[in-house]
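The values are calculated or read from the model by the stated rules, or taken from the named source; none is laboratory data. Note that the structure is a prediction, hence the values are computed from the model and not measured. As a convention, Cβ positions derive from the backbone with ideal geometry for all residues, glycine included, and neighbour counts pool all protein chains shown.
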Amino acid sequence: MIRIGIDLGGTKIEGIALDAAGGVLWRERVPAPQSAYAQTLDAIAALVQRIESGLGEGGSVGVGTPGAASPVSGRMRNCNSTWLNGERLREDLCARLGREVRIANDADCFTLSEATDGAAAGAATVFGVILGTGVGGGICVGGRLLAGPNAIAGEWGHNLFGGPRGGLAAGRACYCGRSDCVETWLSGAGLLRTHREIGGGCPHECGPTESGQPAGAAAVATLAARGDPAACAALDLYADQLAFALAQVINVLDPHVIVLGGGLSNIERLYDEVPARWGAQVFSDVVRTALVPARYGDSSGVRGAAWLFPLLP
Ligand SMILES: [Zn+2]
């Protein structure tokens, strides 16, 4: 049987079909209907139907979503695609597709993908981290997603960040209503803000820099590679902060592997600099936790959605 994964993003819906070995049989992206729940269901159903008729075979369907279903009401919440909030997405898809459908948060799907056949394959305990527009996470134990009574396992992005700020002001407001969440410092926007506050200016269109103008937080890494002092200082602080925040997780979970995904996971120096620094905050004489980049990059979310129906024993 094939496994179909659907990644329900804010601007696109991606579908994938995997064979039993994780080989890709089908991959397709369609625009995500905006502010339209019924059309979102239609688009997912049409995508599944095209995959199954194209391959001549039925499959299981797993869906990765922003936010998560409330464990009490079953209704979606915390979705930045706000038209999903309040809807019973899983039940509606089950009815539409006529089968059991599993859904999970996109960071959980990322973690499951990397724990199943990615950079953390075979590791007993895996903490998967998304460092991008937001900061999210998921936990796999024994190859299975950890799911607790609040459906928030791994959501470290809204813990209070109590680590080094390099002299920058505290009090960064978070969309969740609190201040100085980990996400306000370690997301792409957080890194850009740090760079700006250090004095580097915006590294793309809207401010002065001494060198090129690439867009996004990755631009800070590009500038640092060219020796831009403010970018170097911002990334140095970012590595300190990531080491601090991950050390808090290590002290609680003691994962064998931490896998980084999202746009900021492409900053190569993190994989040396963060493990070199996190020991100061970990309650152990040695830290044997591995910090690795995702194997499947941007495809991990949709692959993990497919793996919500796990390998048969
Ligand atoms: Zn927050």
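Where the second residue is among the polar types (S, T, N, Q) and outside any strand (DSSP E or B) and the first is closer than 17 Å to V302 by Cβ and lies in segment 21-45, which pairs have Cβ atoms under 6 Å and are six or more apart or on separate chains?
A32/T11
Tell me, which residue of segment 98-123 that is touching a Lys or Arg at 6+ places or on another chain (Cβ under 7 Å) and not aliphatic (A, V, I, L, M) is nearest to A68 (Cα to Cα)?
Checked segment 98-123; the qualifying residue nearest to A68 (Cα to Cα) is S113.
Got a number for residues in segment 117-141 being out of contact with any strand residue (DSSP E or B) (no Cβ under 8 Å at 6 or more places or on another chain) and more than 16 Å from the ligand (Cβ to nearest atom)?
Counting residues in segment 117-141 that are out of contact with any strand residue (DSSP E or B) (no Cβ under 8 Å at 6 or more places or on another chain) and more than 16 Å from the ligand (Cβ to nearest atom) gives 3.
Here is a list of conditions, (1) surrounded by 15 or more Cβ atoms within 10 Å (Cβ to Cβ); (2) modelled with pLDDT of 95 or more, and C79 meets all of them except one; can you say which number that is?
(2)
State whether one or more residues within segment 41-55 are under 25 Å from the mean Cα position of the chain (by Cα) and assigned to a strand (DSSP E or B).
The answer is no; no qualifying residue exists.
If you take the residues of segment 151-164 that are over 16 Å from L308 (Cβ atoms) and surrounded by 15 or more Cβ atoms within 10 Å (Cβ to Cβ), which of them is farthest from the ligand (Cβ to nearest atom)?
Within segment 151-164, the match that is farthest from the ligand (Cβ to nearest atom) is G163.
Take the conditions in contact with a Phe, Trp or Tyr (Cβ under 9 Å, 6 or more places away or on another chain) and surrounded by fewer than 18 Cβ atoms within 10 Å (Cβ to Cβ) and apply them to P293. Does it pass?
yes
Only one residue in G199, G167, G148 is surrounded by fewer than 17 Cβ atoms within 10 Å (Cβ to Cβ), more than 16 Å from the ligand (Cβ to nearest atom) and outside any loop (DSSP other than H, G, I, E, B), so which one is that?
Only one candidate passes the filter, namely G199.
Given (1) within 30 Å of G58 (Cβ to Cβ); (2) away from the ligand (no atom under 16 Å from the Cβ); (3) buried (at least 16 other Cβ atoms within 10 Å of the Cβ), identify the lone condition not met by E91.
Status for E91: all satisfied but (3).
Residues that are under 17 Å from A245 (Cα atoms) and modelled with pLDDT under 95: does segment 162-177 have at least one?
yes
Confirm whether G74 is of a type in the set (G, A, S), touching a residue at least 12 places away in the same chain (Cβ under 8 Å) and within 28 Å of A36 (Cβ to Cβ).
yes
Report yes if L223 is closer than 27 Å to G200 by Cα, touching a residue at least 12 places away in the same chain (Cβ under 8 Å) and crowded, with 21+ Cβ neighbours inside 10 Å, otherwise no. Lay out the reasoning, then the answer.
On the way: closer than 27 Å to G200 by Cα: yes; touching a residue at least 12 places away in the same chain (Cβ under 8 Å): yes; crowded, with 21+ Cβ neighbours inside 10 Å: yes.
Considered against the rule, which asks whether it is closer than 27 Å to G200 by Cα, touching a residue at least 12 places away in the same chain (Cβ under 8 Å) and crowded, with 21+ Cβ neighbours inside 10 Å, L223 comes out as yes.
Got a sec? Which of R277, R295, R303 is out of contact with any Leu (no Cβ under 8 Å at 6 or more places or on another chain), under 30 Å from S60 (Cβ atoms) and among the basic types (K, R)?
After ruling out the rest, the residue left standing is R295.
Out of all the residues in segment 220-264, which are among the hydroxyl-bearing types (S, T, Y) and out of contact with any Pro (no Cβ under 6 Å at 6 or more places or on another chain)?
Residue satisfying the conditions is Y238 alone.
Those residues that are within 9 Å of the ligand (Cβ to nearest atom) and over 21 Å from V126 (Cα atoms), I need them from segment 174-189; list them, please.
Within segment 174-189, the first condition is being within 9 Å of the ligand (Cβ to nearest atom), and the residues that meet it are 174-184.
The answer is C174, Y175, C176, G177, R178, S179, D180, C181, T184.
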